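Data first, discussion second: the structure below is written as structure tokens.
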Amino acid sequence: MIFAGQDMTRSHRKERLNESIKEILSELLLTGIKDPRIGLVTITSVKIAPDLLTAKVYFSVMGSSDEKAETRKGLESAKSFMRKTVFRELKLRQVPEFKFVYDDSLDKAMAIEEALKEIKDQDKGKA
């Protein structure tokens, strides 16, 4: 049975855990992982599943489709090192299994920006 404040407490704990894992992984990408396939990667968010066994790690990277695929491969190969570091830093009983997901929101924002620029340029041409 879940009482009135328990669900809110679990949700708050999960959000803190999401943010802590994001910070640790971001720091690792800057200083701890030397894989040449991993360039300028940004961890945009972490979403832990309700059962706390898996976590989607959303990342963004500038570059071609091939560079994005190589970055994902580099992240996958560093996954166990990342999990060990999160385990050590957060002192968790169990660290969720990471699933890396490309965050295309930056790509979408750039496409919208480009479309708006084209519309603006067309309007200038008509005036």
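On the given criteria, is residue 13 more than 11 Å from the chain's Cα centre (by Cα) and surrounded by 11 or more Cβ atoms within 10 Å (Cβ to Cβ)? Taking the combined requirement at face value, the residue satisfies it. Just so you know, in the range 54-72 the residues that are polar (S, T, N, Q) and without any contact (Cβ under 8 Å) to a residue 40 or more places away in the chain include one that is surrounded by the most Cβ atoms within 10 Å (Cβ to Cβ), and it is 71. Among the residues of the range 42-53, those that are of a type in the set (A, V, I, L, M, F, W, C) and either surrounded by fewer than 17 Cβ atoms within 10 Å (Cβ to Cβ) or modelled with pLDDT under 90 (or both) comprise 49, 52, 53.
Residues in the range 106-118 include at least one that is touching a strand residue (DSSP E or B) at 6+ places or on another chain (Cβ under 7 Å) and not hydroxyl-bearing (Ser, Thr, Tyr).
Does the range 49-88 hold any residues that are part of a helix (DSSP H, G or I) and over 22 Å from residue 105 (Cα atoms), and which are they? Those that are part of a helix (DSSP H, G or I) and over 22 Å from residue 105 (Cα atoms): 77, 79, 80, 81, 82, 83, 84, 85, 86, 87, 88. Residue pairs whose Cβ atoms lie under 9 Å apart, sitting 6 or more positions apart in sequence or on different chains, and linking a residue in the range 9-28 that is at positive phi and at pLDDT 95 or above to a partner that is part of a helix (DSSP H, G or I) and surrounded by 12 or more Cβ atoms within 10 Å (Cβ to Cβ), do not occur here.
Taking the range 60-100 as the range and being closer than 17 Å to residue 48 by Cα and among the hydrophobic types (A, V, I, L, M, F, W, C) as the test, the residues that pass are 82, 86, 87, 90, 92, 95, 98, 100. Of all the residues in the range 24-41, those that are surrounded by 13 or more Cβ atoms within 10 Å (Cβ to Cβ) and assigned to a helix (DSSP H, G or I) number 7. Looking only at residues of the range 73-102 that are in contact with a strand residue (DSSP E or B) (Cβ under 8 Å, 6 or more places away or on another chain) and either basic (Lys, Arg) or over 14 Å from residue 29 (Cβ atoms) (or both), we find that the one that is surrounded by the fewest Cβ atoms within 10 Å (Cβ to Cβ) is 97. Just to be sure I understand, how many residues within the range 89-127 are part of a helix (DSSP H, G or I) and either among the small types (Gly, Ala, Ser) or farther than 22 Å from residue 47 by Cβ (or both)? Matching residues across the range 89-127 total 19.
The values are calculated or read from the model by the stated rules, or taken from the named source; none is laboratory data. No experiment lies behind these values; they were computed from the predicted model shown. Counting neighbours? That spans all protein chains shown, and the Cβs are built from the backbone with ideal geometry, glycine included.
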